[in-house]
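Every number here is computed from the coordinates shown, using simple stated rules; none is lab data. Quick caveat: nothing in here was measured; it's all calculated off a predicted structure. Ideal geometry is used to build each Cβ from the backbone, glycine not excepted, and the neighbour counts take in all protein chains shown.
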Amino acid sequence: MSIDTLYKEFKTGKKEAEKQLFEYLTVRFRILATKRIWNKENAEEIVQESLIAVFKHHEQAPDQADFAAWAHKVLDNRINNYLRVTMRRTEIMNKIRAGIQYMSGKLQSTNPDLKRKLLDCFRKLCKTNRRYARILNLHYHGYNVDEICKRMGIEINNCHVILSRSRSKLDLCLKTGEIN
């Protein structure tokens, strides 16, 4: 049975069709997500988020004939968003690592102002929010999120938010010289 036929039956309220549609999309989404995202856990998370979105907002699909394309576009948008965020985080962390390595004398930078700029930005981050600076420093020194949470007495979600915000603030400061 095709996905569009399953979708038509699902729209009429048949529970068996809903189950089959869910299983079909799960298998298909896993194949597509693992091809583009090599981390199996992250790929599975994106698949689950996409399935939830598809079943929650299926009324927004253009019509029955285009349901398969619409569902795959939902997955594709989630994958692209994940890749965009991951690339941005990697880029920011590489800049921070290069600056810290330069400060510790491990790397000779072609930009002589980088050390001064990074120190100024880190001082500004400390003045703005010491917690941000401390968590960013712990993360750089190799502590994983669970260890940071135990040391700081915070929840995992909060730690991820703080890491993201502190990276963004530091990146903004490196670009503009100011932390908002």
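What lysines sit close enough to Lys11 to cross-link, taking a C-alpha to C-alpha distance under 28 Å and skipping anything fewer than 8 places away on the same chain? Filter leaves Lys19, Lys56, Lys73. Remark: spin-label model distance Lys117-Lys175 equals 1.2 nm, labels positioned 7 Å along the Cα→Cβ axis. By the rule of a C-alpha distance below 19 Å, with chain neighbours fewer than 8 residues away ignored, the aspartates and glutamates paired with Lys8 are Glu16, Glu18, Glu23, Glu59, Asp63, Asp66. Ellipticity at 222 nm from helices only: DSSP H runs of n ≥ 4 in the chain, each -39500 (n - 2.57), divided by the residue count, give -26000 deg cm²/dmol. Listed by chain and number, the aspartates and glutamates placed with their C-alpha closer than 18 angstrom to that of Lys127 are Asp171, Glu178; residues fewer than eight positions away on the same chain are left out.
This structure gives Cα Rg over 2.2 N^0.38 Å, computed directly, and of [x] 0.98; [y] 1.03; [z] 1.41 that value is listed as [z]. Cross-link check: pairs Lys95/Lys124; Lys35/Lys175; Lys14/Lys35 evaluated at a Cα-Cα cut-off of 28 Å; pairs beyond the cut-off: Lys35/Lys175; Lys14/Lys35.
Structural descriptor for the chain: relative contact order 16 percent, calculated from alpha carbon pairs under 8 angstrom and at least 6 residues apart. Here the Karplus relation 6.51 cos²θ - 1.76 cosθ + 1.60, evaluated at θ = phi - 60°, turns the backbone of the stretch 172-180 into coupling constants of 4, 5, 5, 7, 10, x, 10, 10, 8 Hz, with x for every Gly and Pro.
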